[in-house]
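As structure tokens, the structure follows; a few thoughts come after it.
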Amino acid sequence: MAVRRQPTLRDVAAAAGVAVSTASRALTRPGRVNADTADRVVAVAKELGYIPSASARALLSGRTATVALVLPDVTNPFFFGLVRGTGARLRESGYVQVLADTEESAEVEADTLRKLRGQVDGAVLAASRLSDEQIAAAAADLALVVVNRTIPGTPGVLLDTAGGMVRALEHLASLGHRRVAYASGPATSWSDGRRREALLPAAARLGVELVVVGPYAPVRQAGAQAADAALAAGATAVVAFNDLLAFGVLERLDALGVPVPERMSVIGCDDIFGADLVRPALTTVESPVERAGRMAADLLLARLEGDQTDDEPTGADLDDEPLAHPRDAADPVLLPTHLVVRSSTGAAG
């Protein structure tokens, strides 16, 4: 039994009595051809069962219906909520999301963005390790929205982890801690720089001596070195760049027989899965990551549709209202964070 051939655009054009270029415009940009012609081409395409391939749609319309989510580490549980948030919003709008892992490397990230040009309609760039100038240059060639970064002229969503870190330090000060170590993240992390900038004046205000140790990779394995540095500095508490690093700190302190929180309090950041399961349960800064993903996707979709003013997301669908809503679509949206107090913090010993 012969298999019926899938009809092509050329078949549609021949059946409708128009040129192939006219048929393509009628199916992708009907406003650019005569209304009667467009209706005839559409009717013929339906009758023949014509379904354009993804590559054909991209060639004809200049769109791929694909958006990239570019992450520094796809194995970091912090980004799971972002993947869900962007993916759900994009799917609702007919887009496919693809993930790109840049392995905490600025070089890999820059190369990835170059290769994405022409392959996707736009990208959400999360926790970028690139410089402002590199991101601005990439945004000139590809529709971008940034998460946890502010780039003039580029829309973005910012989680207030710096404010969360200050609340963490205030919590420790209220417990009597006067010498606190901050286990910093990657040297290329913009968020880490913001946190240090917020922590230093807060420490002076609170009468706390802040000792910055690191930088460390934001992974569990780096926690041992961070714990050793905090102990060597004589700190009674550690605020870690993220929960994974804090998990490693807890493991190392347990191996050394250092009781938590009796001798050392530990605070993480992100409230990832497992933060409440480790022992002791981790005090951490919780961020609305999935909501940030939805908002980032909304900003990108508005940009792709060329309607950044009238349909700019307002945050009304969020459980928490943004701390600040942009007056301009290129201004970052700031989302609040919360300190979740658990068993890993206690009075200074």
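The values are calculated or read from the model by the stated rules, or taken from the named source; none is laboratory data. Given the structure is predicted, the values throughout are model-derived calculations rather than measurements. Here the Cβ positions follow ideal geometry from the backbone for every residue, glycine too, while neighbour counts run over all protein chains shown. All accessible areas refer to the heavy atoms of the entire protein, side chains included, with ligands and DNA or RNA removed. Shrake-Rupley method; radii C 1.70, N 1.55, O 1.52, S 1.80 Å.
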Check: Which of the following residues is within 30 Å of GLY346 (Cβ to Cβ), touching a residue at least 12 places away in the same chain (Cβ under 8 Å) and open to solvent by less than 60 Å² (accessible area, probe 1.4 Å): ALA168, ALA127, ALA138?
Finding: ALA168
Item checked: Search result, residues across the range 93-107 that are closer than 22 Å to PRO186 by Cα and surrounded by 21 or more Cβ atoms within 10 Å (Cβ to Cβ) -> THR102
Next item on the list: Just need a number here: residues in the range 275-286 that are out of contact with any Cys (no Cβ under 8 Å at 6 or more places or on another chain) and either open to solvent by less than 10 Å² (accessible area, probe 1.4 Å) or of a type in the set (D, E, K, R) (or both).
Entry: 6
Note to self: All but one of (1) more than 16 Å from the chain's Cα centre (by Cα); (2) more than 30 Å from ALA229 (Cβ to Cβ) hold for THR154; state the number of the condition that does not hold.
What the structure shows: (1)
Notebook entry, point to check: What is the one condition in (1) touching a residue at least 12 places away in the same chain (Cβ under 8 Å); (2) over 20 Å from the mean Cα position of the chain (by Cα); (3) within 23 Å of PRO261 (Cα to Cα) that SER184 does not satisfy?
Noted result: (2)
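Could you grab me the full set of residues in the range 79-92 that are among the hydrophobic types (A, V, I, L, M, F, W, C) and surrounded by fewer than 22 Cβ atoms within 10 Å (Cβ to Cβ)?
Residues satisfying the conditions are PHE80, VAL83, ALA88.
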Item checked: Among (1) touching a Ser or Thr at 6+ places or on another chain (Cβ under 9 Å); (2) more than 18 Å from ALA235 (Cα to Cα), the one test that HIS171 misses -> (2)
Margin query: Tally up the residues in the range 92-116 that are assigned to a loop (DSSP other than H, G, I, E, B) and closer than 28 Å to GLY274 by Cα, please.
Written below: 4
Item checked: Residue list for the range 244-264, filter: among the hydrophobic types (A, V, I, L, M, F, W, C) and either closer than 12 Å to GLY223 by Cβ or surrounded by fewer than 24 Cβ atoms within 10 Å (Cβ to Cβ) (or both) -> LEU244, LEU245, ALA246, PHE247, VAL249, LEU250, LEU253, ALA255, LEU256, VAL258, VAL260
Next item on the list: Report the residue count in the range 117-137 for those that are in a loop (DSSP other than H, G, I, E, B), among the small types (Gly, Ala, Ser) and under 22 Å from ARG194 (Cβ atoms).
Entry: 3
Item checked: Only listed residue being modelled with pLDDT of 95 or more, in contact with a helix residue (DSSP H, G or I) (Cβ under 8 Å, 6 or more places away or on another chain) and either in a loop (DSSP other than H, G, I, E, B) or surrounded by fewer than 22 Cβ atoms within 10 Å (Cβ to Cβ) (or both), chosen from ILE272, ILE267 -> ILE272
Next item on the list: Would you be able to tell me the number of residues in the range 195-236 that are farther than 14 Å from SER184 by Cα and in contact (Cβ under 8 Å) with a residue 60 or more places away in the chain?
Entry: 1
Checklist line | Matching entry among ALA68, ALA58, ALA54 (being at pLDDT 90 or above, within 30 Å of GLU290 (Cβ to Cβ) and under 42 Å from the mean Cα position of the chain (by Cα)) | finding: ALA68
Next item on the list: Answer with yes or no whether VAL145 is β-branched (Val, Ile, Thr) and open to solvent by 10 Å² or more (accessible area, probe 1.4 Å).
Entry: no
Item checked: In the range 177-233, residue nearest to GLY268 (Cα to Cα) [restricted to those that are polar (S, T, N, Q) and open to solvent by less than 30 Å² (accessible area, probe 1.4 Å)] -> SER184
Next item on the list: Restrict the check to the range 81-91 and report whether at least one residue is modelled with pLDDT of 95 or more, touching a Leu at 6+ places or on another chain (Cβ under 9 Å) and assigned to a strand (DSSP E or B).
Entry: no
